[in-house]
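As structure tokens, the structure follows; a few thoughts come after it.
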Amino acid sequence: PFSPEKAMVCFGNMFIELPKSKTREMLRQDQEELDEEINNLRKELRVKVNRLYEAQGKPELKGFNLNPMSAEEMKLINRILEG
């Protein structure tokens, strides 16, 4: 009795059958929110680490303010490396 157009999704301690398109959209939205939260935490961490180093009288970390490459940037780099 499982429909190929539907997916079982767990909410807390219960499962609900939803259309796959709705499930995919929910997962995409959740991932976007998580990515944004991760980026905000990374930015805050950089500031806090710099403050800590400053308070300890240490020089600022070199290369600590770098950002990771996006998936699109990685594809371009791999394309260049492959020739």
| field | GluC sites (Glu not before Pro) lying in DSSP loop within segment 43-83, provided at most 11 other Cβ fall within 10 Å | value | Glu60
| task | Could you check how much of the accessible area of segment 6-63 is carbon and sulfur, as a whole percent, using a 1.4 Å probe? | result | 55 percent
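Would you count, across the chain, every pair of lysines whose alpha carbons are under 19 angstrom apart, provided the pair is eight or more residues apart or spans two chains?
Values: Lys6/Lys20; Lys6/Lys22; Lys43/Lys62; Lys48/Lys58; Lys48/Lys62.
Going through the chain pair by pair, I get 5.
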| For Asn65, net neighbour charge (Lys/Arg +1, Asp/Glu -1) across residues whose Cβ lies under 12 Å away | +3
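Could you tell me the calculated FRET efficiency between Asn67 and Leu27, based on Cβ-Cβ distance and R0 = 22 angstrom, to the nearest 0.05? Walk me through the numbers on the way to the answer.
On the way: r = 25 Å, r/R0 = 1.12.
Calculated transfer efficiency: 0.35.
Between the DSSP loop rule and a limit of at most 11 other Cβ atoms within 10 Å, which chymotrypsin sites (Phe, Trp or Tyr not before Pro) in the chain are left? Spell out each step's value before the answer.
Numbers: sites: Phe2, Phe11, Phe15, Tyr53, Phe64; in loops: Phe2, Phe64.
Counting only loop positions with at most 11 other Cβ atoms within 10 Å, the chymotrypsin sites (Phe, Trp or Tyr not before Pro) in the chain are Phe2, Phe64.
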| request: Report, to the nearest 10°, how far helix 71-82 tilts away from the longest principal axis of the Cα atoms in the chain, using its own Cα long axis and a range of 0 to 90°. | output: 80 degrees
| Applying the Karplus parametrisation 6.51 cos²θ - 1.76 cosθ + 1.60 with θ = phi - 60° to the phi angles of segment 19-36, what ³J(HN,Hα) value in whole Hz is obtained for each residue in order, glycine and proline being reported as x? | x, 4, 5, 5, 4, 4, 5, 4, 5, 4, 5, 4, 5, 4, 5, 5, 4, 5
| query | Given H placed on each backbone N at 1.01 Å, which residues far from Ala7 in sequence or on other chains put an amide H within less than 5 Å of it? | reply | Leu18, Lys20
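Can you classify the chain as rounded, prolate or oblate using the Cα gyration tensor, where a ≥ b ≥ c are the square roots of its eigenvalues, rounded means a/c under 1.5, and otherwise it's prolate if a/b beats b/c and oblate if not? Write out the running numbers ahead of the final one.
On the way: a/c = 5.31, a/b = 1.79, b/c = 2.97.
It is oblate, given that a/c is not under 1.5 and a/b is not larger than b/c.
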| request: Sum up the charges of everything whose Cβ sits under 15 Å from the Cβ of Glu17, counting Lys and Arg as +1 and Asp and Glu as -1, but leave Glu17 out. | output: +3
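The values are calculated or read from the model by the stated rules, or taken from the named source; none is laboratory data. Not measured: the values here are computed from a predicted model. Virtual Cβ from ideal backbone geometry, glycine too; neighbours counted across all protein chains shown. Calculation scope for accessible area: heavy atoms of the full protein, side chains included, ligands and nucleic acids excluded. Shrake-Rupley method; radii C 1.70, N 1.55, O 1.52, S 1.80 Å.
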